Each structure stands twice: as C-alpha cells, then as structure tokens.
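Working notes for the structure below.
The values are calculated or read from the model by the stated rules, or taken from the named source; none is laboratory data. Small disclaimer: the values here were computed from a predicted structure and weren't measured. All Cβ positions, glycine included, derive from the backbone under ideal geometry; neighbour counts span all protein chains shown. All accessible areas refer to the heavy atoms of the entire protein, side chains included, with ligands and DNA or RNA removed. Shrake-Rupley method; radii C 1.70, N 1.55, O 1.52, S 1.80 Å.
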Amino acid sequence: MKLRSMKVFCDVVTRRSFSRAATDNQITQSATSQIITQLEKHLGVKLLDRSKRPFIVTDEGRHYFEGCHRLVRQIEELE
C-alpha cells in the first residue's frame, strides 16, 4: 500500500478526526474517507468503526496503526 495512504490513516487516528487529517495532508475530507475505505478493502478488515461518534479504532486498526506509524516516522526521519 502507498506510504501516503498509510500516513493519512495515521493522521486520522492520531488527530481523531477525518477533517483535521485532511487539512494536515492538504486533501478533502471526502478524499480522506475514500483513502481509509480503500485501505480497508485492500486489507480485508475494518480499521475504524464509523458507526459510533467519534469513530473507534478497531483491534485490527490499532495493530495496523502501530506498524504504519513506525514506518511513516522512520521515513520522515530519513528525509
């Protein structure tokens, strides 16, 4: 999966907001939502439970976040 998608996912989880993550990544809230949906389809699991407000990170989402967060951080440090 693309690094950008992983970063957007990490930002959604960290910021606890689709709209704030969208602003951070200079994309629309709709694009942010679509990225998360594409990640979920690609992985075959739900990363976020959006039926609740605010959304809840699923167990699979927490596990994926931990791995993605490490990777994103390492790449940002390298750059």
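Observations on the model:
- Selection status of Phe65, without any contact (Cβ under 8 Å) to a residue 40 or more places away in the chain, out of contact with any Gly (no Cβ under 8 Å at 6 or more places or on another chain) and among the aromatic types (Phe, Trp, Tyr): no
- For region 39-60, a residue qualifies if it is touching a helix residue (DSSP H, G or I) at 6+ places or on another chain (Cβ under 7 Å) and closer than 13 Å to Val8 by Cβ, and the qualifying residues are Leu39, Leu47, Leu48.
- Matching residues, region 4-45, being open to solvent by 70 Å² or more (accessible area, probe 1.4 Å) and either closer than 14 Å to Tyr64 by Cα or not in a loop (DSSP other than H, G, I, E, B) (or both): Arg4, Thr14, Arg15, Arg20, Thr23, Asp24, Gln29, Gln34, Gln38, Lys41, His42
- Of the residues making up region 46-79, those that are among the small types (Gly, Ala, Ser) and open to solvent by less than 80 Å² (accessible area, probe 1.4 Å) number 2.
- Close pairs (6 angstrom Cβ cut-off, 6 or more residues apart or separate chains): within 12 Å of Lys7 (Cα to Cα) in region 20-31, open to solvent by 90 Å² or more (accessible area, probe 1.4 Å) and among the charged types (D, E, K, R) anywhere: Ala21/Arg15
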